[in-house]
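For reference, the structure discussed in these notes is given below.
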Amino acid sequence: GNPRIRIDKAGTDGDRRGDYREGAPKPLRGYRTAAIDEALLASLTPLMAGRSREEYLFTTTTGRVVRHNNFYSRVWAPAVASALKAGELSFKPRIHDLRHAQATWLLESGVPVGEVARRLGHDAITLMRVYSHVLNPDTRASADVVSRLLGSTEGVEVKPVVAAPRRSRAKPQGSGGP
């Protein structure tokens, strides 16, 4: 069919050690439904068996929430170190880099901006501010469109435009102002 996951909670480590808070995603666009493929669904199905919607899907061996600092030190950092040593990575990625990689791959593959923004819980303007360089690295395309719309510019004399210097709004020194 059309498997999907629903994101309706967000967790964050608090200011104090051991402080964990769970609540609504921020901003409200953080509430979202994202399509997943059949292979991911097949991997997640055994984990979901016997769990209620309120239970965590990924937990520690004791059934508690997986905290960022524990995951980073026990899973992420060793995996990155191993991949660096094996020559499988040329840089040391952060966990958040996976989110940026996903957005970049989706945009480069032609997935509409609005769909990528919804998947990440952004609005399209925020997404474009961060990823506009991905969509149009070659500005030649826009130049070609303008040329096509205007017709041939062959034989047209182009004169440089020189802007007049801007006048300063600051009062000149020694003007004797109040």
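Of all residues in segment 109-132, those satisfying the criterion of being more than 13 Å from the chain's Cα centre (by Cα) and over 18 Å from residue 29 (Cα atoms) are 109, 110, 111. Inspect segment 55-63 for any residue being more than 24 Å from the chain's Cα centre (by Cα) and part of a helix (DSSP H, G or I) and give the result as yes or no. So far as segment 55-63 goes, no, none of its residues is more than 24 Å from the chain's Cα centre (by Cα) and part of a helix (DSSP H, G or I).
Checked against (1) under 30 Å from residue 33 (Cβ atoms); (2) among the small types (Gly, Ala, Ser); (3) at pLDDT below 90, residue 177 passes all but condition (1). Might you let me know whether segment 104-112 holds any residue that is more than 16 Å from residue 34 (Cα to Cα) and open to solvent by less than 80 Å² (accessible area, probe 1.4 Å)? Looking through segment 104-112, at least one residue is more than 16 Å from residue 34 (Cα to Cα) and open to solvent by less than 80 Å² (accessible area, probe 1.4 Å).
Evaluation of residue 94 against the conditions (1) assigned to a loop (DSSP other than H, G, I, E, B); (2) surrounded by 13 or more Cβ atoms within 10 Å (Cβ to Cβ); (3) of a type outside the set (Ser, Thr, Tyr); (4) under 20 Å from the mean Cα position of the chain (by Cα) shows that the sole unmet condition is (2).
Give me the residue from segment 18-31 that is at pLDDT 70 or above and farther than 19 Å from residue 54 by Cβ and, out of that set, most open to solvent (accessible area, probe 1.4 Å). Ranking the qualifying residues of segment 18-31, first place goes to 26. Going by the structure shown, is residue 110 in a loop (DSSP other than H, G, I, E, B) and either farther than 22 Å from residue 133 by Cα or not β-branched (Val, Ile, Thr) (or both)? Yes. Of 79, 34, 39, all but one fail to be part of a strand (DSSP E or B), at pLDDT 85 or above and open to solvent by less than 70 Å² (accessible area, probe 1.4 Å); the exception is 34.
The values are calculated or read from the model by the stated rules, or taken from the named source; none is laboratory data. Source: prediction; values computed, not measured. Neighbour counts run over all protein chains shown; Cβ positions are idealised from the backbone, glycine included. When the accessible area is computed, the model is the full protein with side chains, heavy atoms only, and any ligands, DNA or RNA have been set aside. Shrake-Rupley method; radii C 1.70, N 1.55, O 1.52, S 1.80 Å.
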